[in-house]
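These notes concern the structure reproduced below.
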């Protein structure tokens, strides 16, 4: 399978044309990609995913072959493997071993979108922010006390975090300050870590539908 991939590098800040996702599937080796949707009329923006190594896009177009109104934005210099959508579809049909790895990942993607929709509909902003941070926290198995690493979103701006939970920069800034004041979060603006994991779980209401993603 590896022989069907091409190795590519994309520079930080690159905006990927959504139309290009119809033909090619991309697998991240190094770096991060922000998958966002911007409403053409209002300009409102939502970030659907922050993707890192081992993740691929665009899964929706892979499944239905239709254009997808999302824009990938490269957050770090990116190293990735790319191949044709048709090739991956053939692997899905032909190789059970491929499906054993791909289908659980597809389930994770669908569950993440489901949780985003439920959070936006039923949770207040403070809870949505706590749940977002918790989903990206890697617990330190050697100590209950922090610091616990925050994966993928540790250095995002307040604007970006707001776009992930349907809020504004000012509101996110206020909630982050409250979490720091209570000792739940620590670190500089662009390098957040979790110090009190149990307290963060309480803030998030402990209703995550799956274990921590690592």
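The values are calculated or read from the model by the stated rules, or taken from the named source; none is laboratory data. Keep in mind it's a predicted model, so treat the numbers as computed, not measured. Methodologically, a virtual Cβ is constructed for each residue, glycine included, from the backbone with ideal geometry; neighbour enumeration extends over all protein chains shown.
Brief remarks follow.
- Scanning region 195-214 for residues that are modelled with pLDDT of 65 or more, outside any helix (DSSP H, G or I) and under 24 Å from residue 113 (Cα atoms) yields 204, 205.
- Test result for residue 98, out of contact with any strand residue (DSSP E or B) (no Cβ under 7 Å at 6 or more places or on another chain) and not assigned by TED's automatic domain parsing to the domain that holds residue 160: yes
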